[in-house]
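Taking it in order: structure first as structure tokens, then the write-up.
Where a number appears in this text, it was derived from the coordinates with a stated rule and is not lab data. Since the structure is predicted, the reported quantities are computational estimates derived from the model, not experimental observations. No Cβ is skipped: glycine too gets one built from the backbone with ideal geometry, and neighbour counts run over all protein chains shown.
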Amino acid sequence: MKWTHRLRKWIDHRSHQKLSRRAFLKGLFAGGASLGVASSLPPSPYISDRYTWEKFFQKHYKEMTPQDKEKVFSRIERETQQNYKSDVKISDPPPIPGVKFVYCLNLSACNGSRYCVKACVEENNQSRNPQIQYIKVLELDRGSFNLEKSNRYYEGESVPREGKFYLPVQCMQCDNPPCVKACPVQATWKEPDGIVVIDYDWCIGCRYCQVACPYEARNFNLADPALDPQEVNPNQSYLSNRIRPRGVMEKCTFCLHRVRQGRYPACLEACPTGARKFGNILDPESEVSKILKAKKAFVLKEELNTIPRFFYYFDD
């Protein structure tokens, strides 16, 4: 068909320019509409199921005015009520000035119970089927640190096992995040408090960020999230734990909606051994600052220069 040839030429032309999601979508629909074939566009799970015209032309989060946000948040609340029979409230807590969050995890104390995983799933409205989990807990032999030979499918009822230690892995909230550089449409970025976020309505689901992340921290939402009404956490944030649509990337945000309001991440509160510590690295009196001064802390894959802000340490 002539319109497909014209669309292909337009995409080839745009590939030599700085790609923007809005420009791509406008070009896609303008190309189809100008030839009278908008209804004949090739089928796509993102186009046919995920987007309405309102979503297609929604502004990037950074471009939205308070009035724009109010309209978008109201729309999401209506859609959630319709799709999940649950009344939710979408918030948008801003970064706190003078705060940069870091996580510290005591590997000598972690017992591999995976309580953190369960709490994270419930707090962040992660799909139960297909199952999505932001935290992966690896079981390793004591005296070894070969992550490639770790066991992430160990039997959780029998931990801790003799001769083993446990290493939880999640988004490292890197200061030099390769995922941000890989995104072709600027759908992900680092906030002033160091948290790397995603505008789920802007994400095109290309998975470039997933490939770029060396920590396997990003998850692709393959299907509409399966959540029963009683499983939905109604206290949701636009850049954090709102229910993500099918076809987008998602990941840990340090429970942005909690920590920006003076609370701890859900995984920390669920930890039965106190292995998890969280706070503001810019505050010299914070627990994390004192840990990093006193302990021989380390980060995963330091040689990649991603500069993680998730630190590990052992008791002396």
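Summary of values
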item: Residues in the range 202-246 reached by a label modelled at Arg152 [backbone nitrogen below 15 Å; 7 Å Cα→Cβ]; result: 210-221
item: Stokes-Einstein D in µm²/s, Kirkwood radius over Cα pairs - the range 60-212 at 4 °C with 1.567 mPa s viscosity; result: 70 µm²/s
item: Contour excess over end-to-end distance, with Cα ends at Glu54 and Glu302 and 0.36 nm allotted per residue; result: 85.0 nm
item: Taking N as its residue count, the alpha carbon Rg of the range 145-227 over 2.2 N^0.38 Å; result: 1.37
item: Length added when fully stretched, Glu216-Lys69, from 0.36 nm per residue minus Cα-Cα; result: 49.8 nm
item: Inter-probe distance in nm under a simple model that places probes 7 Å from Cα toward Cβ, at Gln81 and Leu138; result: 4.5 nm
item: Peptides ranked, highest mean first, by Cβ atoms within 10 Å: ranges 138-149, 273-284; result: 273-284, 138-149
item: Within-15-Å neighbourhood charge of Arg258 [Cβ basis; K, R +1; D, E -1]; result: -1
